[in-house]
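To keep things clear, I will list the structure first and then write my remarks on it.
Just so it is clear, none of the values below were taken in a lab; they were calculated from the coordinates. Small disclaimer: the values here were computed from a predicted structure and weren't measured. Glycine gets a Cβ as well: all are built from the backbone with ideal geometry, and neighbour counts include every protein chain shown.
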Amino acid sequence: MSNLTFKKSALNFLAPLSMAFALLAVGAAVQAQTLQLNGAGIRYLASAPLYSAELYLNQKVATPAQAMGSPGTKQLRVVMLRDVKPTELGDLLASGMVSNASDDELRKLIPVLFSLGEILGEQKQLLAGDSFQITMLPDASTSINIQAKARLGADRHVFAQPELFSLLLRMWLGERPADKGLKNALLGKAG
């Protein structure tokens with residue numbers, strides 16, 4: 001299978017999964033006082049604010065490599081700023097994931113990505129105020145917490161694969177991030 005063919009097929013199966021990521025929300029996996037805000041910003045789509053994002057680490061860093069390699073717990077929090085069709089955000093997230101992962105990484109995590117898609121694909125709409133939190137826990141597992149207005153309480157899922165957090169975080173901090181301005185903001189850089 002050619003690289004281009006694989007990436008196109010990955011986009012097709014990741015679209016529902018990425019849509020589901022938009023519905024992930026804040027949960028209680030990590031106490032806020034153990035992490036510090038590294039940076040925060042807003043993701044724009046067609047010049048309109050789509051969501052806000054905050055990156056929390058054990059210590060402040062200035063580069064993606066430092067953020068990915070920082071020891072201990074790491075966390076990305078996202079809050080939707082407007083209502084959006086899940087398919088629209090799903091396409092953005094799938095594209096970000098495929099653009100920042102190797103074919104081998106995607107192949108290795110296909111079962112986990114399908115599992116995420118099944119768990120999170122239940123949501124029908126993204127509303128302003130819905131949020132999600134992706135946390136790398138001290139044991140290197142990844143916790144995804146969902147808080148959506150359509151659900152009562154938080155929905156938390158933990159995945160044992162240590163490479164999952166890095167794959168997800170690269171959508172925002174990778175070589176081809178979803179939004180370069182947001183990448184800089186999450187790294188604590190102006191503009």
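A Förster radius of 22 Å combined with the Cβ-Cβ distance from ALA190 to THR34 puts the calculated FRET efficiency at roughly 0.25. Other residues whose C-beta falls under 13 angstrom from the C-beta of ALA48 contribute a net charge of -1, scoring Lys and Arg +1 and Asp and Glu -1. The HN-Hα couplings worked out from phi for the stretch 142-147 by the Karplus form 6.51 cos²θ - 1.76 cosθ + 1.60 (θ = phi - 60°) are 10, 9, 10, 10, 10, 9 Hz, whole numbers, x standing for Gly and Pro. Can you bin the stretch 126-191 into rounded, prolate or oblate? Criterion: square roots of the alpha carbon gyration tensor eigenvalues sorted a ≥ b ≥ c, rounded for a/c under 1.5, prolate for a/b above b/c, oblate for the rest. Oblate is the answer for the stretch 126-191, as a/c is 1.5 or above yet b/c matches or exceeds a/b. So which trypsin sites (Lys or Arg not before Pro) in the stretch 162-191 pass both tests, a DSSP loop state and at most 15 other Cβ atoms within 10 Å of the Cβ? Answer by residue number: LYS189.
Out of MET136, LEU168, LEU186, whose Cα points farthest toward the positive end of the dipole of the stretch 136-191 (charges: +1 Lys, Arg; -1 Asp, Glu; placed on Cβ)? Positive-end residue among those listed: LEU186.
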